[in-house]
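The values are calculated or read from the model by the stated rules, or taken from the named source; none is laboratory data. None of the values given here were measured: they were computed from a predicted structure. Counting neighbours? That spans all protein chains shown, and the Cβs are built from the backbone with ideal geometry, glycine included. Note: accessible area is taken over every heavy atom of the protein model, side chains too, but ligands, DNA and RNA are not part of it. Shrake-Rupley method; radii C 1.70, N 1.55, O 1.52, S 1.80 Å.
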Amino acid sequence: MKLGVNIDHIATLRESRQISEPNPLYALPYLQAAGANQITIHLREDRRHICEDDVCAILAQSSLPVNIESSLNAEILDFLCAQRPHSITLVPERREEITTEGGLELFTNEHGIVRAIEKIANIGIIPALFVDPTRANMQKSYALGAHKVELHTGHYANLWLMLYGNLPRTRHSIKALQKSREELKSEMNACVQNLHEVAEFARNLGLSVAAGHGLNAQNVGEVAQIEAISELNIGHSIIGRAVFVGLKEAIGEILCAIDKERSKN
């Protein structure tokens, strides 16, 4: 299983002071030394962290494949296609959200998604879609021409947090207080089973399958066990852990957790 490390939040820290440090570019040798397989960044419309200069510098100096997340914004896609990253993952984007809260809606903007996928694929870049894990979304992703899907694991991560960690300060917290521990466990087990089935279904369609959102060294095991998933993209938990133990060690902890679970298959 490959690990893509999202380094957006290094830029978030930089932008909190509106200065030039820390520069996400400086993370590259640590990622490679730690055994990461890919770099993931998100060029958002509001440029809240990664900016165009980051994209150009990282692509120019990275020896690892670079996956760039993007909305359907035509200007951003034109810019990214001109830079030729390894892959572009189309994601939903709302200015008011703190982070991406769900998968791309595939059934309301089919023509826009098809145009974006064709633009990406026609110049040899892998087009991927970040989607909620349903069979309908897998079928639609395939029909729209995607080569790859990334399954949104946020629901699973929130359920895990409700059961074993601190409750997230979101609408999920209120729902959790209304459910018993047994109900939450049952819901999480069903969520994991759905990820298994949807990932296998997508792979059988011929799609490459990745997953990500809300994963960390403690909860990644259930997802890492899913044989049909070949790639995980993890960012916030790695950068947060790196504050205490360093980037190389934080990545190593995730890789160890993944390898431990994959070895059980």
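For the range 211-265, which residues satisfy the criterion of being outside any helix (DSSP H, G or I), within 18 Å of the chain's Cα centre (by Cα), of a type outside the set (Gly, Ala, Ser) and farther than 19 Å from PRO24 by Cβ?
HIS213, LEU215, ASN216, GLN218, ASN219, GLN225, ILE226, GLU227, ILE229, GLU231, LEU232
Among what's in the range 44-87 and is more than 20 Å from ILE19 (Cβ to Cβ), of a type in the set (A, V, I, L, M, F, W, C) and assigned to a loop (DSSP other than H, G, I, E, B), pick the residue that is least open to solvent (accessible area, probe 1.4 Å).
LEU64
Tell me whether the range 11-20 contains one or more residues that are touching a helix residue (DSSP H, G or I) at 6+ places or on another chain (Cβ under 6 Å), outside any loop (DSSP other than H, G, I, E, B) and on the phi < 0 side of the Ramachandran plot.
yes
Restricting to the range 5-20, name every residue that is among the aliphatic types (A, V, I, L, M) and closer than 19 Å to LEU215 by Cα. If you could, list the steps in order and put the result at the bottom.
Taking the range 5-20 as the starting set, the residues that turn out to be among the aliphatic types (A, V, I, L, M) are 5, 7, 10-11, 13, 19.
Correct list: VAL5, ILE7, ILE10.
Filtering the range 131-163 down to residues that are in contact with a Ser or Thr (Cβ under 7 Å, 6 or more places away or on another chain) and not charged (D, E, K, R), which residue is most open to solvent (accessible area, probe 1.4 Å)?
HIS147
Could you count how many residues in the range 108-130 are modelled with pLDDT of 95 or more, assigned to a loop (DSSP other than H, G, I, E, B) and open to solvent by 30 Å² or more (accessible area, probe 1.4 Å)?
3
Scanning for something within 24 Å of HIS147 (Cα to Cα) and either open to solvent by less than 50 Å² (accessible area, probe 1.4 Å) or among the aromatic types (Phe, Trp, Tyr) (or both), does the range 16-38 turn up at least one residue?
yes
Among the residues of the range 237-265, which ones are under 23 Å from SER87 (Cβ atoms) and at pLDDT 95 or above?
SER237, ILE238, ILE239, LEU247, ILE251, ILE254, LEU255, ILE258
(1) open to solvent by 20 Å² or more (accessible area, probe 1.4 Å); (2) at pLDDT below 95: which one isn't true of LEU184, the others all being true?
Just one mismatch for LEU184, condition (1).
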